[in-house]
Amino acid sequence: MIKVSQKVTESAGLIAEIERRTGQRISDCYQCGRCTSTCAGSFAFDRPPHVLMRMLQLGRVQEAMESKTAQLCYDCMTCSSRCPMNIDVAFIIETVSNIAHEQGVKYTIKSMDRFRKLFLHNVRRHGRLHEASLLASYNLRSLQPRNDFSLAPLILKKKKKFHFFPPRIRDRAEVRRIFEELERDPDYGRGFGE
Ligand code: SF4
Ligand code: SF4
């Protein structure tokens, strides 16, 4: 008889729990990568969303819980809205993060709350994400102005995706109105430590 290790059993239990809480089937993902290609935050992740999905399929739950992705995903839900299999990827990542909290997983990114807060402030201000100013404000607030400088050549190569000047969008006021509406909810922003 094959002896199933405790670790494998624990992983299977966690996968079942993630599926139970989200109502999603992780095995439905066929690795097309669309979630990652539409994720504005993946530049800061160590495991892009489709890789995180693959890790879950392989039972590497602990690694997924400890990933920067679980710590930094800001639930914008773009990935969920673009998945051809209608998988709610954002909900899965959020659940991985919640279970990590419950399991006492220590986050390596102490400034996660700062990043989330600055991200939302950035979207509110520009109407959509402006990566350059988000990076600049995050580095300045972290007192590490040269952080990620080594990525500059890579970023410059992706000029079409990385805009140095804020985007001009219509209905910026409408985005601001949505934020004002959200801020009326007493639970909004709960958990932002700083
Ligand atoms: S978009 Fe959906 S099917 Fe494609 S990799 Fe992401 S989760 Fe999987
Ligand atoms: S919900 Fe998270 S993973 Fe999905 S697109 Fe937004 S930031 Fe990326």
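The values are calculated or read from the model by the stated rules, or taken from the named source; none is laboratory data. Since the structure is predicted, the reported quantities are computational estimates derived from the model, not experimental observations. Positions of Cβ are backbone-derived with ideal geometry, glycine not excepted, and every protein chain shown enters the neighbour counts.
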TODO: Return yes or no: is Tyr74 in a loop (DSSP other than H, G, I, E, B) and either at pLDDT 95 or above or within 8 Å of ligand 2 (Cβ to nearest atom) (or both)?
DONE: yes
Task: Residue in the range 126-145 that is surrounded by the fewest Cβ atoms within 10 Å (Cβ to Cβ), counting only those that are in contact with a helix residue (DSSP H, G or I) (Cβ under 8 Å, 6 or more places away or on another chain) and within 17 Å of Cys39 (Cα to Cα) - done: Arg128
TODO: Examine the range 82-96 for a residue that is more than 9 Å from ligand 1 (Cβ to nearest atom), under 20 Å from Arg114 (Cα atoms), over 10 Å from the mean Cα position of the chain (by Cα) and of a type in the set (D, E, K, R), and state whether such a residue exists.
DONE: no
Open item on the list: Let me spell it out: the conditions are (1) within 15 Å of ligand 2 (Cβ to nearest atom); (2) assigned to a helix (DSSP H, G or I); (3) not charged (D, E, K, R), and Asn86 meets all of them except one. Which number is the exception?
Closed with: (2)
- [ ] Quickly run through the range 154-170 and pick out the residues that are surrounded by fewer than 10 Cβ atoms within 10 Å (Cβ to Cβ), at pLDDT 70 or above and not hydrophobic (A, V, I, L, M, F, W, C).
- [x] Arg168, Arg170
Task: Condition broken by Tyr30, with the remaining ones in (1) in a loop (DSSP other than H, G, I, E, B); (2) more than 13 Å from ligand 1 (Cβ to nearest atom) satisfied - done: (2)
Task: Residue that is surrounded by the most Cβ atoms within 10 Å (Cβ to Cβ), among those in the range 50-71 that are of a type in the set (Val, Ile, Thr) and within 16 Å of ligand 2 (Cβ to nearest atom) - done: Thr69
- [ ] Any residue in the range 65-81 that's among the small types (Gly, Ala, Ser): show its pairings with residues that are assigned to a loop (DSSP other than H, G, I, E, B) and within 15 Å of ligand 1 (Cβ to nearest atom) at Cβ separation under 9 Å, as long as the two are six or more apart or on different chains.
- [x] Ser67/Phe45; Ser67/Arg47; Ala70/Arg47; Ser80/Asn86; Ser80/Ile87; Ser80/Asp88; Ser81/Thr38
